[in-house]
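The values are calculated or read from the model by the stated rules, or taken from the named source; none is laboratory data. Since this is a predicted model, take the numbers as computed values, not measurements. Here the Cβ is made from the backbone with ideal geometry for all residues, glycine too, and neighbour counts use every protein chain on show.
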Amino acid sequence: MGAASLPEQGFDELPTEVAILDSQGEIVITNRAWRTFASANGYTGDLTFSGVNYLEVCDAVRHDCEEAALAADGIRRVLAGEDDMFALDYPCHSPTERRWFLMRAVPFKSASNDQYAVVMHLEITDRRLAEHRVKAQNDRFKMLAYVLSTNLHGPLSEAIAAARQLEQRDEAAGNTLVQTLEQIETVVKTGTALAEADSTIEQVPVTLREQAEVAWERSQNENASFLVVDSRIFLAEPNLLQLLFDVLFSNALEHGGDTARIRVGTTYTGFYVEDDGPGIDPANRERIFESGVVINSTAEREGMGLPIAARIAELHDWSVHAEQSNLGGTRVEVNGIEWV
């Protein structure tokens with residue numbers, strides 16, 4: 001193989017569709033990925049693209065396609081030396097599937113000082129579909145916030161007022177009822193705040209043991225076995241962290257039963273909550289954090305609030321995933337934590 005053919009072969013093997021345009025926008029050369037994509041998507045012209053002017057093709061449909069106009073104008077600025085790089089996300093749907101691409105154009109000059117531009121098209125469909133899923137989930141959270149704030153606030157306030165009146169006749173029963181209703185009110189307020197939260201939350205130092213034990217007391221389960229194996233201090237928003245533990249404990253009890261064994265402990269980059277329940281099919285362990293996903297354990301059940309757990313982790317810049325527990329059930333790990 002001659003030295004002159006090495007760059008050409010490397011260019012042709014690039015997995016991204018790439019073309020080089022001259023100063024007027026005419027296609028000089030394309031790589032194999034470009035030609036393969038064109039052939040698979042209805043292009044009937046010469047696959048050498050000899051004489052094809054990329055800018056003229058874009059201009060021909062600029063009045064019907066906003067992205068084509070933006071692409072032509074952006075590449076012209078690159079060729080004119082006005083921009084060092086141009087990028088554009090655009091849809092390119094086929095009759096059978098929805099697709100999105102990222103186009104980038106960068107300038108370069110040949111040894112003879114002639115101006116050229118490299119135009120690349122990278123498929124970003126997976127990223128765009130993931131963004132759509134996140135948006136849909138956020139919309140559901142906002143709807144949850146609306147339902148919580150409009151339908152529960154009034155009845156809870158009335159129930160708390162009635163419980164305070166009960167305290168006057170039966171202090172112990174009334175006090176227990178007031179505390180329970182106030183805990184529910186806190187969860188509702190926290191859930192509403194979570195659904196409406198933006199990407200910025202105020203975090204303070206908290207202790208894993210203290211936070212986990214406070215949340216466990218709310219479960220009011222005297223038959224299950226609960227143990228905090230070890231503990232460290234880290235930064236978190238306390239109310240959201242309490243809601244996270246509520247979700248994880250509720251899920252463990254839902255699937256493990258009232259006599260479940262539940263353990264909380266630290267890892268190198270976070271903490272875990274594990275149980276001795278029936279566990280989760282490995283194929284579903286990542287999907288349980290998606291809204292509305294039904295998982296297989298001993299029965300078909302919907303993940304109890306686990307999308308909320310994922311949202312809380314996201315707000316803290318943490319990650320969350322599930323794996324096999326040392327107790328035989330499910331272990332949910334929260335990672336990305338910086339210990340204080």
*For Ala117, indicate whether it is in contact (Cβ under 8 Å) with a residue 24 or more places away in the chain and small (Gly, Ala, Ser).*
yes
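From the list Arg62, Arg140, which residue is charged (D, E, K, R) and assigned by TED's automatic domain parsing to the domain that holds Ala19? Lay out the reasoning, then the answer.
Numbers: Arg140 fails: assigned by TED's automatic domain parsing to the domain that holds Ala19.
Exactly one of Arg62, Arg140 is charged (D, E, K, R) and assigned by TED's automatic domain parsing to the domain that holds Ala19, namely Arg62.
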*Can you tell me which of Leu55, Leu14, Leu6 is at pLDDT below 95, surrounded by 12 or more Cβ atoms within 10 Å (Cβ to Cβ) and out of contact with any Cys (no Cβ under 8 Å at 6 or more places or on another chain)?*
Leu14
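Return a yes/no flag: does the range 263-285 have any residue that is assigned to a helix (DSSP H, G or I), buried (at least 22 other Cβ atoms within 10 Å of the Cβ) and in the same structural domain as Glu338 (by TED's automatic domain parsing).
no
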*Given (1) at negative phi; (2) more than 19 Å from the chain's Cα centre (by Cα); (3) at pLDDT below 90, number of the condition Val264 does not satisfy*: (3)
*Conditions: (1) assigned by TED's automatic domain parsing to the domain that holds Ala19; (2) of a type in the set (Val, Ile, Thr); (3) crowded, with 16+ Cβ neighbours inside 10 Å. Val178 meets all but one. Number of the miss?*
(1)
*Among the residues of the range 288-330 satisfying the criterion of being assigned to a strand (DSSP E or B) and surrounded by 20 or more Cβ atoms within 10 Å (Cβ to Cβ), which is modelled with the highest pLDDT?*
Val320
_Whether any residue in the range 20-34 is within 21 Å of Ala68 (Cβ to Cβ) and of a type in the set (Phe, Trp, Tyr) is what I want to check._
yes
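Condition first: in contact (Cβ under 8 Å) with a residue 24 or more places away in the chain, in the same structural domain as Val28 (by TED's automatic domain parsing) and under 29 Å from the mean Cα position of the chain (by Cα). Can you find one or more residues in the range 103-114 that meet it? Don't jump to the end; show me each part of the working.
So in the range 103-114, the residues in contact (Cβ under 8 Å) with a residue 24 or more places away in the chain come out as 103, 105-107, 114.
Cutting the leftovers down to in the same structural domain as Val28 (by TED's automatic domain parsing) gives us 103, 105-107, 114.
Next, from what is left, pick out any that are under 29 Å from the mean Cα position of the chain (by Cα): 103, 105.
Checking the range 103-114: at least one residue is in contact (Cβ under 8 Å) with a residue 24 or more places away in the chain, in the same structural domain as Val28 (by TED's automatic domain parsing) and under 29 Å from the mean Cα position of the chain (by Cα).
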